[in-house]
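Inspection log for the structure reproduced underneath, given as structure tokens.
What follows is calculated from the coordinates using simple rules that are stated; it is not laboratory data. From a predicted model like this one, the values you see are computed outputs, not experimental measurements. Positions of Cβ are generated from backbone atoms using ideal geometry, with glycine treated the same way; all protein chains shown enter the neighbour counts.
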Amino acid sequence: MQKVHIQTIEEQATVTLVAWNVFEVKLPHGTAPTWHLCGFRKETTHGKVSSAISALDLDKRRCITRSGNVYEL
């Protein structure tokens, strides 16, 4: 049986976004719209689009996405 390593919350990647924006995505079939981050990773200068935002901390300028990634804005 193949072993699979699942990251703990403490091991989740933190991504720092610069020149970022938030976009609302509306899907067909009447589902609720979702919000996604789009910007450039400070660490690599590559573009990045997040999964749907699930939590937001305005004071710390951080978001957590549905996939569990933490974004520093």
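Want the number for Thr34 to Ser67: 0.36 nm per residue separation, take away the alpha-carbon distance, what's left?
Full extension from Thr34 to Ser67 adds 10.5 nm.
What residues qualify as long-range amide H neighbours of Ser54, i.e. H under 5 Å apart, gap of 5 or more or another chain, H built at 1.01 Å from N?
Close amide H contacts, sequence-distant or interchain: Ile64, Thr65, Arg66.
Per residue of region 64-73, what does 6.51 cos²θ - 1.76 cosθ + 1.60 with θ = phi - 60° give for ³J(HN,Hα)? Whole Hz please, x for Gly and Pro, Karplus curve as stated.
Going residue by residue, I get 10, 9, 4, 7, x, 6, 9, 10, 8, 10 Hz, with x marking Gly and Pro.
For a label point 7 angstrom out from the Cα of Lys26 toward its Cβ, which stretches of region 32-62 have the backbone nitrogen within less than 13 Å?
32-34
Would you mind computing, in nm to one decimal, how far apart the modelled labels at Ala19 and Ala55 are, each placed 7 Å from Cα along Cα→Cβ?
Spacing of the two 7 Å Cα→Cβ label points: 3.1 nm.
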